[in-house]
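Before any comments, here is the structure.
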Amino acid sequence: DFGDQTPAVIARARQAASIVAEKAGLSAEGLEAVSHLLSDEAGDAGVIRLFNAIGELAGEDSLVGRGMGAPLGQTPADARAELQKMMAPGGDWYEASSTGNLAKLKELKPRFDQLSKLAAR
């Protein structure tokens, strides 16, 4: 169905499925069952299309703002780099911490926690 784009489409669909499954509280077995539907050999084209569309939306806008996890394609190394930037002098976290800006820290905390979780992978 996807021609030479099949590997990229399936990879994006799997990333999206992983984020949505985590948010939904699916077990590893549940995610494995969904992943089976996203395989090149036995996959369901409709399910692949659905999760690929979610992945495309996330790529444009990231699902972070909707509480759904890291932007698709962000790696643990990317997360560590962003954390370092936030905590370095001049970074948002550093500045809020050093000035005691609790409102700003509260605003930054969800992103900080998200990055920390991804960085630990």
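The values are calculated or read from the model by the stated rules, or taken from the named source; none is laboratory data. This is a predicted model, so every value here is computed, not measured. FYI the Cβ positions are ideal-geometry reconstructions off the backbone, even for glycines, and counts take in every protein chain you see. Areas reflect the complete protein model, heavy atoms only, side chains present, ligands, DNA and RNA absent. Shrake-Rupley method; radii C 1.70, N 1.55, O 1.52, S 1.80 Å.
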ask   = What pairs come up if the first residue lies in segment 73-93 and is closer than 29 Å to Ile10 by Cα, the second is polar (S, T, N, Q), and their beta carbons are under 9 Å apart, counting only those six or more places apart or on different chains?
value = Gly73/Gln15; Gln74/Ser62; Ala79/Gln114; Ala79/Ser116; Glu82/Gln74
ask   = Taking Ala42, is it at pLDDT 90 or above, hydrophobic (A, V, I, L, M, F, W, C) and open to solvent by less than 70 Å² (accessible area, probe 1.4 Å)?
value = no
key: Some residue of segment 72-89 being open to solvent by 50 Å² or more (accessible area, probe 1.4 Å), modelled with pLDDT of 85 or more and assigned to a loop (DSSP other than H, G, I, E, B)   = yes
